Structures are given as structure tokens and as C-alpha cells.
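Reading through the C-alpha cells given below for one structure.
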There are 2 protein chains.
Amino acid sequence: MSSERRTPLDRRRVADTALRLLNEVGLEGLTLRAIARELDVKAPALYWHFKDKQALLDEMATEMMRRMSADLTARPAGDWREALRLMMGGLREHLLGYRDGAKVYAGTRFTDMSYAEPMEASLRVLTDAGFTPAAAARAWSTAYSYTIGYVIEEQAMGPDPATGAGGHDLDARGERLAAQPLAAQAGYEMFRDHRAGFEAGLDAVVEGVALTLRDR
Amino acid sequence: MSSERRTPLDRRRVADTALRLLNEVGLEGLTLRAIARELDVKAPALYWHFKDKQALLDEMATEMMRRMSADLTARPAGDWREALRLMMGGLREHLLGYRDGAKVYAGTRFTDMSYAEPMEASLRVLTDAGFTPAAAARAWSTAYSYTIGYVIEEQAMGPDPATGAGGHDLDARGERLAAQPLAAQAGYEMFRDHRAGFEAGLDAVVEGVALTLRDR
DNA sequence: CGCGTGCCCTTAACGGTGTTAAGTCGTCAA
DNA sequence: TTGACGACTTAACACCGTTAAGGGCACGCG
């Protein structure tokens, strides 16, 4: 009979498929049964490769990190400021590339040590520029926290990435805030152009890091 | 018969109870049935007050925000730097006061406009100090994103707040990272004293904001 | 060649989850 | 007295993550 034997799964293929599916159905639609269906397999089969769903999510985050560092080490870097800006800007872009990307990524534990080498390289850029190892860690962590927090808020607020999808209810928000003009304008400032807002903040973080952590 | 009639629920009481329960069982244990049990009610009763679970979570986040701004406006403020540091430090402390606090708080929509007044006050501190309205919004958003991102990472990594709970596996981590000395030390630097790490980063953010957003 | 010992997956089922539909019961207005 | 309405219960649904048990194919060893 036509019993073509499938090549067996592995953690990587499962994570790849789950990441592709994530963009179609979002985090709350990403069920084990849906992932299994996509792989032409029944749900319990996934438990051969992962001890539970969280382990699968960890592998997804790890795969995101691998793709990201593969992309980022390919880009040319100038001085440490530009390198840091490039890293965090790239992190943001990658996270935006997956639906609920930041929520999946934030606070998950990587499943292997593939993060070590790119992290070491990033930190070395900073120490080469005069940061102590401790200050480099602080600088990296500060910019990282800012980026994660920004993208979580950015993704949580609307499905549409570019247009904002809510130009109309932004106006409604403005009207409700007639008594608080600064808060009203802050809404426009923060929600209109996410990219510009992110980079303005990132510039501030980078300059602050230079000021308070490098020269001491 | 002893049919003491309970006073009916309202959104606020449900959110209060849910917040108390959150600290006992965590976000993944926070089911509608458990909340209802605590209120001496069956689960579907909650649907009279909230259209779905997300609406309840939104109300919880709103209540967290209300408590926080009640606490923060009571504190004395000095110059804008100290005010911003106090605000974000207080935000962090409040989020740490709830199990999974940052995850519940981040990216939820407030259910009313009680955020408007404290937000306006915070922004006015900045504009009074010479920030344009747009720059004040950027400054506030930048510090806010940093704080949210930091606390999410902080809460995601371990149950223990003070001791770190993982002094032991931090050493294990260090051994695995023998080939990446900077990454190894970064682990110690970032995970040892969260409070110090947060404030070092916050100082950087504040100074960066001063440098790139105020004088322009 | 036969045969057991893995690996990789299926079938069946469990308890629990958010959510909906329909009904109940006390309270208050007319 | 009656009727409407507010606040809740009971029953049930579809689906979720997860576990237990077993099946079949491949391959090394006698």
C-alpha cells in the first residue's frame, strides 16, 4: 500500500511550524492540536519531543533568537552607539515580525546555549569601547529592557503594524481627554509613529548609558 | 429561613478579590471559577459584570493603576529627575507587589479614565521643567517602557524576590559560560541585585532623556 | 532468518477551562 | 397584584493541556 513513511519530527521542525502558525492565528489560537494538525500528526505526539507546552514555547523563543542573531551579526557595525542601536532596532523588528512576538519572547528561558556567543560579541563591543564588564552588562540590559517593554506595548495595542489602525479612535481619545491636554497630545505622540517613538527613546537610552555607565 | 441576602457584587469588588487571589495562585491559577468561589458565587455570575475574562483582567489592571497613583501622588517630589525616578521606582514596586503583576498590567486597556489625571500631572512636571509637550510624552513613554520591560523580565525569572532563589544555578550558569566570560559576568551583574540594576538603568534613562529630549 | 528492543506515533480518555442558554427568585414600580 | 427587571444558578458545550496504554516500523543480535 502507499504507506509513504514520513521523516520523523524534531524539536526544530516543530518550532518552525509553530512560529509560522503563530503569525496566522496569534498566541491564543496557538493550540497543541493546531500545531499538530499542521505537522500532520496528532497532538500527543508533540509530547515525545517536548515535556509540555511551555517547553515548546521556549524552543520557539530560542529559534527566534537564533534567526535574529544570524541576521544581526551580518549587519555592519560602526561605533558602540550605532552597534547598540542596530541591535535593539533589529530586535524590535524581529519581534514585530511575529504576531505577539514580544509576549512569546519575553521572559522565556532559552533551551540551549546558542545565545552565549552573540551575547558575548555584543558585550565585547561595549568593553572594547571602554565599558567595564559590569557596566557593559548594565548597558545591554537597560537597552534590552527598554526594547522589550516598548514592543510589548506596541504589539498589545493594535493589530495593524504600520497604519496604526486606530487613527479614528485616537481622535475619540483626544476628545475624551479635553480636560487633560498634555495626556491627549501624549497619545498622538506615542501612538502615531511607533518607529520614530522607539528610536527617539532608544537614542535617549544610548546617550544616558554613555553618560552614566561608560565614563566612571 | 436564614436567607441573609448578600449585597450584590460590582466590578470593583470582583477586581479586588481577583487581585488578592492572584497573589495566592498566580496568573495561570486565576480561573473564573476560583474567583467566583472566593466571592461565594458561581462562575457564570461574573458574566453579568464583565463581558469576558479579558474585561476582568482590564479592570484588575485599572485597579492596580488607581492604587498606584493614589500612593505616588502622596509622595513628595523634588525636581523632574527625582519625580520621574520616584514614579518609575514606585511603578516597579507596585508591580512586584502582585504575582505576575507586570504580565497582568502590560498591554491591558484601562476600563475608565482614572489614568488621565495622574498622567496629566506627571507630564506637567516635565513641561514645567522645560520639556515641550511632545518631548515630555516621549520622555515619559521611554521611562515607562524601560520599567515595564525590566519588571517583566524580573518577575519571569524567579519566584523569589529578594534572595534571587537561584544563587546556586547562577554558579552553574557561570560554569557553562566558561568560554564567554563577559556573558557569564553579565549574568551575575543582572540577576544578583535587581533593585540596584533597575536603578542604575533608570538613572541612565533619566540622564539620556535630559540630554536628548529636554534641550533641543 | 527470527526476534526483541528501542523509537515515534496513535487512540482514548481525563479533568479543567472559558463561555452561552435558559431558568429562578427576590425586589421594586405601577 | 402584577409585571418587569436585576442578579444570580443550573446545565451544558466545545475545546484545552495532558496522561496512559498500546501499535507498528526499523534495526541489531542470535
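Just so you know, all these numbers are worked out from the coordinates, no wet-lab data involved. All figures in this text were calculated on a predicted structure; none of them were measured in a lab. As a convention, Cβ positions derive from the backbone with ideal geometry for all residues, glycine included, and neighbour counts pool all protein chains shown.
Brief remarks follow.
- Dipole-positive endmost among A:G101, A:L56, A:A179 within chain A (Cβ charges, Cα centre): A:L56
- Inter-copy spacing of B:K53 label points, which lie 7 Å from Cα along Cα→Cβ, given in nm from shortest upward: 0.9
- Copy-to-copy label separations for A:R176, where each label sits 7 Å from Cα toward Cβ, in nm and ascending: 4.5
- As a rough footprinting exposure proxy, the listed residues B:T7, A:T73 were ranked by other beta carbons within 10 Å of their own, and the order from fewest upward is B:T7, A:T73.
- Shielding by other protein chains, B:112-119, mean Cβ within 10 Å: 4
- In this assembly of identical copies, the label point of B:E199 (Cα plus 7 Å along Cα-to-Cβ) is separated from its counterparts by 3.5 nm, sorted shortest first.
- Phi to ³J(HN,Hα) by Karplus 6.51 cos²θ - 1.76 cosθ + 1.60 over the range B:144-150, Hz, x for Gly, Pro: 5, 4, 4, 5, 4, x, 5
- Within chain B, helix-based [θ] at 222 nm, where runs of 4 or more DSSP H residues each add -39,500 (n - 2.57), nearest 500: -21000 deg cm²/dmol
- Only lysines eight or more places from B:K42 in sequence, or on another chain, were considered; those with a Cα closer than 26 Å are B:K51, B:K53.
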